[in-house]
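Here's the structure, in structure tokens; my notes come after.
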Amino acid sequence: MPKLESERRGHHFLQIPGPANMPDRVLRAMARPLIDHRGPDFAEMTRSILERLQRVFKASGPVLIYPASGHGAWEAALVNTLSPGDKVLAFENGHFAAKWCDVARRLGLNVEQVSGDWRHGVDPGDVEEKLTEDREHTIKAVLMVHTETSTGVTCAPAEVRRAIDRAGHPALFMVDTVSSLATTDYRHDDWRVDVTISASQKGLMLSPGLSFNVVSDKALEAARQSQFPKAFWDWQPILSFNERGFFPYTPATSLLFGLNEALDMLLEEGLAQVFDRHARLAEATRRAISAWGLDIQCANPEEYANSITGVRLPEGHDADSLRQIVLEKFCMSLGKGLGKVEGRIFRIGHLGDFNKLMLAATLSGVEMGLELAGVPFEKGGVQEALKFLGS
Ligand code: PLP
């Protein structure tokens, strides 16, 4: 038997920004024996899940569930509504926004990419300008990420919607909410989003493996014109099976059991309370970071994320060495810097099934890690966070 290191005993703090800590209730639900996915109990569960998902997305139109990671939902949104060669306007303000652009390009779409500094969100002024310039309406869709997980920047879809309207442009509006759903207010209908993309492993408190498309009437109309070949991702067969509570393939039953339970938990707590809890935990995290004298990756306080905070290390200090120390000494995983901020930042995930004492422990691990890693910082960040959490 390999010897278990003493530091690895006890609870492992999974403080990456998703997959995050999962509630015992959800884990137990997922361990239930399977049921017939063509039987009446399954149909009832599916219908109830779809109805409650609409409440979480604040959507009156259909929600589609894929047994796939977020990448699948990105692809599904594009291949259902567009045709090869179509132009899309995409805002690359972080690693995941960049990956979505890459998926679009690989599908054969013509991507007009607006690159940012990875410290700010999508500028609605840029959206308006680009769409106003496009007098021929060659741009068929606008793609944005609500909360960019790689940076901790939350953009404003409502503002982007207004910018599209000011430009009087008919492009479809697609928003990735993988990191914002069930941590931050989101309104598919009010913001007239045409396709909302999301996934199970963050605010929904589930393991990875499910992802979602939420669609508007306009998106359904676009789907009728789409020329992309598709089979598994095709909305139509899924929508018609879903009406009866079924899927046109063998569904991921255990993940759906988990989703069923997670939705109960979120709605029992109340979405407003869920958002408020995340906002307070995020604020406490930022107070600790400021007291440490470190910089937050998100440069605009109005765009701070509820689910994740990126922390910049001073020049010459490696964020991955710090993460390694924290894992080895304190049994806690922090999020890695991705893409062009690799090694420069680490990310604290404060989302999902998470409370004040879990955050206090998380910040303690970071503060002890900073000391061990020899990063110059001011002590007392945890104290500042505790003052706020206890108030
Ligand atoms: N979009 C965002 C904002 C993400 O954070 C992620 C993954 O973390 C994705 C999309 C891609 O999702 P997945 O890794 O589940 O394919």
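The values are calculated or read from the model by the stated rules, or taken from the named source; none is laboratory data. From a predicted model like this one, the values you see are computed outputs, not experimental measurements. Every residue, glycine among them, receives a Cβ derived from its backbone with ideal geometry; neighbour counts consider all protein chains shown. These area figures cover heavy atoms from the full protein model, side chains too; ligands, DNA and RNA do not enter into them. Shrake-Rupley method; radii C 1.70, N 1.55, O 1.52, S 1.80 Å.
Considering each of Arg55, Arg47, Arg106 in turn, give the residue that is within 16 Å of the ligand (Cβ to nearest atom), among the basic types (Lys, Arg) and surrounded by fewer than 17 Cβ atoms within 10 Å (Cβ to Cβ).
Result of the check over Arg55, Arg47, Arg106: Arg106.
Read through the list (1) assigned to a helix (DSSP H, G or I); (2) surrounded by fewer than 20 Cβ atoms within 10 Å (Cβ to Cβ); (3) in contact (Cβ under 8 Å) with a residue 40 or more places away in the chain, then give the number of the only condition that Phe257 fails.
It fails just one condition, (2).
Looking only at helices (runs of 4 or more DSSP H) that lie completely in region 1-84, which have at least 3 residues being closer than 21 Å to Trp191 by Cβ and either of a type in the set (A, V, I, L, M) or under 22 Å from the mean Cα position of the chain (by Cα) (or both)? Break it down into steps so the answer makes sense when it comes.
Values: elements: 24-30, 40-57, 70-81.
Result: 40-57, 70-81.
In region 361-376, is there at least one residue being buried (at least 19 other Cβ atoms within 10 Å of the Cβ), out of contact with any Asp or Glu (no Cβ under 7 Å at 6 or more places or on another chain) and under 23 Å from Leu181 (Cα atoms)?
Yes - at least one qualifying residue is present in region 361-376.
Quick check: anything in region 110-122 closer than 24 Å to Ala223 by Cα and buried (at least 24 other Cβ atoms within 10 Å of the Cβ)?
No, region 110-122 has no match at all.
Quick grid of which residues meet (1) open to solvent by 70 Å² or more (accessible area, probe 1.4 Å); (2) out of contact with any helix residue (DSSP H, G or I) (no Cβ under 6 Å at 6 or more places or on another chain):
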{"position": "Arg9", "(1), (2)": "yes, yes"}
{"position": "Met22", "(1), (2)": "no, yes"}
{"position": "Ala29", "(1), (2)": "no, no"}
{"position": "Pro33", "(1), (2)": "yes, yes"}
{"position": "Val63", "(1), (2)": "no, no"}
{"position": "Tyr66", "(1), (2)": "no, no"}
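So, in region 186-234, of the ones that are more than 30 Å from Gln273 (Cβ to Cβ) and among the aliphatic types (A, V, I, L, M), which residue ends up most open to solvent (accessible area, probe 1.4 Å)?
Ranking the candidates gives Ala231 first.
Filter region 69-87 for residues that are more than 13 Å from the ligand (Cβ to nearest atom) and out of contact with any strand residue (DSSP E or B) (no Cβ under 9 Å at 6 or more places or on another chain) and give the result.
Val79, Pro84, listed by residue number.
Name the one entry in Thr151, Thr132 that is modelled with pLDDT of 95 or more, of a type in the set (Ser, Thr, Tyr) and in a helix (DSSP H, G or I).
Details: Thr151 fails: in a helix (DSSP H, G or I).
None of the others qualify; the one that does is Thr132.
Is it true that Ala305 is under 24 Å from Cys155 (Cβ atoms), open to solvent by 10 Å² or more (accessible area, probe 1.4 Å), of a type outside the set (D, E, K, R) and touching a residue at least 40 places away in the same chain (Cβ under 8 Å)?
For Ala305, the condition - under 24 Å from Cys155 (Cβ atoms), open to solvent by 10 Å² or more (accessible area, probe 1.4 Å), of a type outside the set (D, E, K, R) and touching a residue at least 40 places away in the same chain (Cβ under 8 Å) - is not met.
Within 16 Å of the ligand (Cβ to nearest atom) and either surrounded by fewer than 22 Cβ atoms within 10 Å (Cβ to Cβ) or part of a loop (DSSP other than H, G, I, E, B) (or both), is that true of Ala90?
no
So in region 189-200, with the set limited to residues that are part of a loop (DSSP other than H, G, I, E, B) and touching a strand residue (DSSP E or B) at 6+ places or on another chain (Cβ under 9 Å), which one is farthest from the ligand (Cβ to nearest atom)?
In this case the residue turns out to be Arg192.
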